[in-house]
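First comes the structure, then the notes that go with it.
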C-alpha cells in the first residue's frame with residue numbers, strides 16, 4: 001500500500017499555499033502573513049496579490065496595515081502564488097515548489113529513481129520524492145539529489161510549510177468516550193512531520209487545523 005505525505009515547500013520565504021477550511025460545505029482558504037524589509041522593519045502599504053488557477057483568471061489584492069500584516073480571505077482552496085509590490089523596492093524572484101513524499105510498498109528505492117521534477121510554470125515546480133518503507137525519509141538529503149539534476153536551492157533560505165492536525169473529542173461522533181481518549185492520546189504522541197522528514201527546525205512553518213472525532 002502506498003502512503004502519501006503531502007507537504008508544501010516554499011523557497012526563499014514566500015507563502016504559497018493556503019490550507020482549506022470547511023464551512024457549511026464550502027471550501028475556502030486564508031493566506032496571512034507580514035511584509036518586512038531585509039533588516040526586519042515592518043512595511044505598511046505593500047500591495048499583496050494572490051494568483052491561482054482556482055481564481056479563474058482573476059487576482060485578489062490587499063494592502064498591508066501599519067504593522068505590515070495582510071490577510072487574503074475567502075480564497076477557493078488551491079495553490080496560490082503571492083507577490084509583494086512596494087515603491088522603491090526592486091522585485092525579487094521566488095521559486096515555489098510543491099513537494100510530495102511517497103513511501104512505496106518496496107523496502108528500498110534506487111537513488112536514480114528517488115527524485116523527479118515536474119515544472120508547473122515559470123516559478124512553480126512539483127518535486128516528487130520516493131522512499132522505500134525500510135528507509136528513513138530524509139528530505140534534505142533527497143533534495144541534494146535534485147540539486148545534481150540541475151535544480152538549485154539553498155536549504156537555509158527555504159521555508160517548509162507543513163500541515164498539522166489537532167484532534168478534539170466530539171460527543172456527536174458516535175464513538176465511546178474511552179475510544180476518543182485513546183485515539184487522541186495516540187495522535188498527540190505521534191512523531192511530528194518535521195522530525196519524521198528530518199527538516200531543519202528553524203525552517204519549518206506549521207499550519208494547523210482542528211479535527212473532531
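The values are calculated or read from the model by the stated rules, or taken from the named source; none is laboratory data. Every value quoted in this text rests on a predicted model; they were computed, and no experiment measured them. All Cβ positions, even for glycine, are placed from backbone atoms using ideal geometry, and neighbour counts span all protein chains on display.
Conditions (1) outside the structural domain of residue 155 (by TED's automatic domain parsing); (2) within 14 Å of residue 36 (Cα to Cα); (3) out of contact with any helix residue (DSSP H, G or I) (no Cβ under 8 Å at 6 or more places or on another chain); (4) modelled with pLDDT of 75 or more, marked per residue:
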site: 49; (1), (2), (3), (4): yes, no, yes, yes
site: 55; (1), (2), (3), (4): yes, no, yes, yes
site: 61; (1), (2), (3), (4): yes, no, yes, yes
site: 67; (1), (2), (3), (4): yes, yes, yes, yes
site: 70; (1), (2), (3), (4): yes, yes, yes, yes
site: 74; (1), (2), (3), (4): yes, no, yes, yes
site: 83; (1), (2), (3), (4): yes, yes, yes, yes
site: 99; (1), (2), (3), (4): no, no, no, yes
Could you give me the residue pairs with C-beta distances under 8 Å whose first residue belongs to region 165-179 and is more than 28 Å from residue 207 (Cβ to Cβ), whose second residue is exposed (fewer than 11 other Cβ atoms within 10 Å of the Cβ) wherever it lies, and which are 6+ apart or on separate chains?
none
Tell me, which strands (runs of 3 or more DSSP E) wholly within region 107-206 include 2 or more residues that are surrounded by fewer than 14 Cβ atoms within 10 Å (Cβ to Cβ) and modelled with pLDDT of 80 or more?
115-119
Filter region 42-65 for residues that are assigned to a loop (DSSP other than H, G, I, E, B) and touching a residue at least 24 places away in the same chain (Cβ under 8 Å); the one that is surrounded by the fewest Cβ atoms within 10 Å (Cβ to Cβ) is 45
